[in-house]
Amino acid sequence: MEALKNIGLLFVEPGKAMEAVRARSMLVLPLVLLLVGTAAVQLWYYQTVDFPWLLDHMFGAQSGMDPDQAEAAKKFMTPGMMAGSSVAGTLIVLPLMLLLQAVYLLLAARVVGNDLPFGKWFAFATWTSVPSLLLIPVMAARILTTRGGQLAPEALNPLTLNSLVFHVPTGTPYFTLLSSINVVMVWSIVVAAIGFGRWTGKGAGTSYTVAALPYVVIFGAWAAFAMATAS
């Protein structure tokens, strides 16, 4: 019950919520919600999407694939295989990302003189990912309101930069990048910055730098690669 209350608190008083996490990690509920919620939406999507249409969307002329290769790829694709690989990817990749984030936070904390253990920073990484739970009902609404099941994977999340602003077509160099950045990430960065400041006693400048740096490095390098590919 305390963990559930803390999830709500994270959206209205993130500083208090992260102080509560420092006192008691309450790790299980947010981690389970992130894993199960994300996996459930992926499973639901592949059970409801118009699969022949999806294959044409993925391997059509806009994909740039050789027609023979595209036809060969289609033969191996089934709704069960796609759903299974997406769910497995969620259950493996998400914890791995949280582990990497926790290592980064541990090292950043050591640099500024904080000696909290790795387990605390793993809880920190998990709780600062809680804002992404907002994407689950948003994606569920997209599935429910799409007629005929003709919903592309990249359109499942309407809160990405590509969906909201740029509308770059599939197959272009910036498509995957812009489809991977969503507005909920901003709140995760804010929560991480506030939490890092509360946990280490550092100022806003240091805390926001630590919180934003992974995003800047990853998406900056990705953007540079896309620019090189486009030119």
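Of note:
- Out of L161, L133, L116, one residue alone is free of Cβ contacts under 8 Å to residues at least 60 places away in the same chain, farther than 21 Å from W53 by Cβ and of a type in the set (A, V, I, L, M, F, W, C). It is L161.
- Within the stretch 137-152, the set of residues being closer than 23 Å to L35 by Cβ and surrounded by fewer than 17 Cβ atoms within 10 Å (Cβ to Cβ) comprises P137, V138, A140, A141, I143, L144.
- Yes/no for T229 being at pLDDT 95 or above and surrounded by fewer than 18 Cβ atoms within 10 Å (Cβ to Cβ): no
- The stretch 108-127: number of residues that are in a helix (DSSP H, G or I) and not aliphatic (A, V, I, L, M): 9
- The set of residues from the stretch 171-194 being surrounded by 18 or more Cβ atoms within 10 Å (Cβ to Cβ), more than 19 Å from L34 (Cα to Cα) and among the β-branched types (V, I, T) comprises just one member, I194.
- Only helices (runs of 4 or more DSSP H) whose full extent lies in the stretch 1-67 are considered here, and the ones with at least 3 residues that are within 30 Å of M82 (Cβ to Cβ) and of a type in the set (G, A, S) are 28-48.
- Candidate set from the stretch 119-130 (those that are under 14 Å from F196 (Cβ atoms) and in contact (Cβ under 8 Å) with a residue 60 or more places away in the chain); member that is farthest from the chain's Cα centre (by Cα): K120
- Unmet requirement for K202, which otherwise passes all of (1) part of a helix (DSSP H, G or I); (2) within 23 Å of L10 (Cα to Cα): (1)
- Residue match in the stretch 60-70 (condition: surrounded by fewer than 15 Cβ atoms within 10 Å (Cβ to Cβ), of a type outside the set (G, A, S), within 25 Å of the chain's Cα centre (by Cα) and over 20 Å from M185 (Cα atoms)): no
- For the stretch 78-97, the set of residues classified as in contact (Cβ under 8 Å) with a residue 60 or more places away in the chain and among the aliphatic types (A, V, I, L, M) consists of L94 only.
- Selected residue (only one of S207, S188 is under 23 Å from I7 (Cα atoms), without any contact (Cβ under 8 Å) to a residue 40 or more places away in the chain and either among the hydrophobic types (A, V, I, L, M, F, W, C) or part of a helix (DSSP H, G or I) (or both)): S207
The values are calculated or read from the model by the stated rules, or taken from the named source; none is laboratory data. These numbers were taken from a predicted model, which means no experiment stands behind them. As a convention, Cβ positions derive from the backbone with ideal geometry for all residues, glycine included, and neighbour counts pool all protein chains shown.
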